[in-house]
Amino acid sequence: MRYWLLSVSLACAGASVVQGAAAGEALSISTDMKSVSTFSSEVNPVVTPKDPVAAARTAFNFFDYTVARRAWEPLAVDGHADAQYGLYQIYSRGLLVEPDQDLAIRWLKLAARQGHAAAQFYLGLSYLRGEGVEKDLEAAWIWFSRAEAKQFPTATRARDSVEKRLSAEQRAAASKRLAQ
C-alpha cells in the first residue's frame, strides 16, 4: 500500500497535480519550471505552473533551494517583489549558498520598496537589530508601519515596541519620513 505525501491541488500556484509523490520518493521541479516529477519510475506527477514565482516558492517549501534560486534570479532582476524576497531568504540564511548579508539586504530592500509586506517587516527587523544595515530605530519604525498598513502579522506589536524607545523628536521625524 502506498502512502501519498503529495496529492494536493496547487491551485494557489495556478498548477494542477496529476499524481503525488509516494513516501520515500524525492520531488523535483525542473529549472525551467515547466514540470515537477519524482525520481520514481512508477509515479510521475506533472505540474504545469502558470506562475513561475509560485512554482519556485513550492520548490523552496520542499527544500529545493537551488531550483528556487535559479527560478527566482531572473524574475528578481526583472523586478518581481516575491522573487526578490525569496532570494533574500536564500542568501540571508545561506541555503545551499554562502550566506551573503549584503546581497540579501539588497534583495530585501528592493522587495520592501515595492510594497512586499513580509519584506517590509523583515527590513524593519534588520534596522531594529542592525543586521546587514546600520541600526536605525526610526527606519525600523517606518518599515514596521508600512508592514502594518498591509496587515502583516506582528507588525503592529513590533512598531509599538520600537515607538516606546523613540523620543518625541524621533517619532516626529519618523512620521514625516513615512509620509513622504
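Highest mean packing comes first when the peptides 55-67, 119-131 are listed by Cβ atoms within 10 Å, giving 119-131, 55-67.
When the Debye formula is applied to the Cα atoms of segment 54-129, each taken as the same point scatterer, what base-10 log of I(q)/I(0) results at q = 0.16, 0.20, 0.21, 0.26 Å⁻¹? Ignoring solvent entirely, the Cα scatterers give -0.49, -0.77, -0.85, -1.23.
Stokes-Einstein diffusion for segment 99-174 at 10 °C, viscosity 1.306 mPa s, with a Kirkwood radius from C-alpha pairs, works out to 131 µm²/s.
Taking 0.36 nm per residue of separation and subtracting the Cα-Cα distance, full extension of the segment from D100 to A168 would add 20.9 nm. Sorting the segments 134-143, 171-180 by their residues' average number of neighbouring beta-carbon atoms within 10 angstrom, most packed first, yields 134-143, 171-180. Near A174: Cβ cut-off under 12 Å, other residues only, Lys/Arg at +1 and Asp/Glu at -1. The net charge is +2.
Only one residue of L110, V67, T154 has its Cα farthest out toward the positive end of the dipole of segment 63-180, where Lys and Arg carry +1 and Asp and Glu -1 on Cβ, and that residue is T154.
Summing charges over neighbours of E138, with a neighbour being any other residue whose Cβ is under 14 Å away from its Cβ, gives +4 when K and R count +1 and D and E count -1.
Compared with the alpha-carbon gap, the fully stretched path from T66 to A149 is longer by 26.6 nm at 0.36 nm per residue.
Extending 7 Å from the Cα toward the beta-carbon at both R157 and D78 defines two label points whose distance is 3.8 nm. When you count the other C-beta atoms within 10 angstrom of each residue and take the mean per peptide, 70-80, 93-103 line up highest first as 70-80, 93-103.
All of the numbers you see were taken from the coordinates with simple rules; none came from a lab. Nothing here was measured: the structure is a model prediction, and the numbers come from that model. Cβ sites come from the backbone with ideal geometry, for glycine too, and all protein chains shown count toward neighbours.
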